[in-house]
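Novice: The structure is given below, and queries will be raised subsequently.
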Amino acid sequence: MKLGNNIRKYRFEHGELTQQELANEVNVTRLTIHSIETGKFMPSTLLAIKLAMFFGKTVEEIFYIIKDED
């Protein structure tokens, strides 16, 4: 299983925020946001909640499970 996300979608729906602007809002680096968006990094629970709160969404609206094809 992998963790998918809708961060890029919500960044653009939220006034076309850049990765850097979002990173500043949740106190992480731009590389962290980029790595989460591309699936190379799994955020901590605290960061996932911060992102959800920033966008006014639930954690489940931002993050979802991608099941592996067998």
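The values are calculated or read from the model by the stated rules, or taken from the named source; none is laboratory data. Being a predicted model, the structure only gives us computed values, none of them experimental. Cβ atoms come from the backbone with ideal geometry, glycine included; neighbour counts cover every protein chain shown.
Novice: Restricting the search to segment 1-31, which residues are over 19 Å from TYR64 (Cβ atoms), touching a Phe, Trp or Tyr at 6+ places or on another chain (Cβ under 9 Å) and not aliphatic (A, V, I, L, M)?
Specialist: Residue satisfying the conditions is GLU25 alone.
Novice: What are the pairs, 6+ residues apart or on separate chains, where a residue within segment 33-52 that is surrounded by fewer than 17 Cβ atoms within 10 Å (Cβ to Cβ) has its Cβ under 8 Å from a residue that is assigned to a helix (DSSP H, G or I) and of a type in the set (Ser, Thr, Tyr)?
Specialist: As it stands, the answer is PHE41/THR32; PHE41/SER35, since those pairs meet every condition given.
Novice: Residue check, GLY39 against (1) at pLDDT 95 or above; (2) assigned to a loop (DSSP other than H, G, I, E, B), all met but one. Which one?
Specialist: (1)
Novice: Looking at GLU60, is it loosely packed, with under 12 Cβ neighbours inside 10 Å, within 16 Å of MET1 (Cβ to Cβ) and at pLDDT 95 or above?
Specialist: yes
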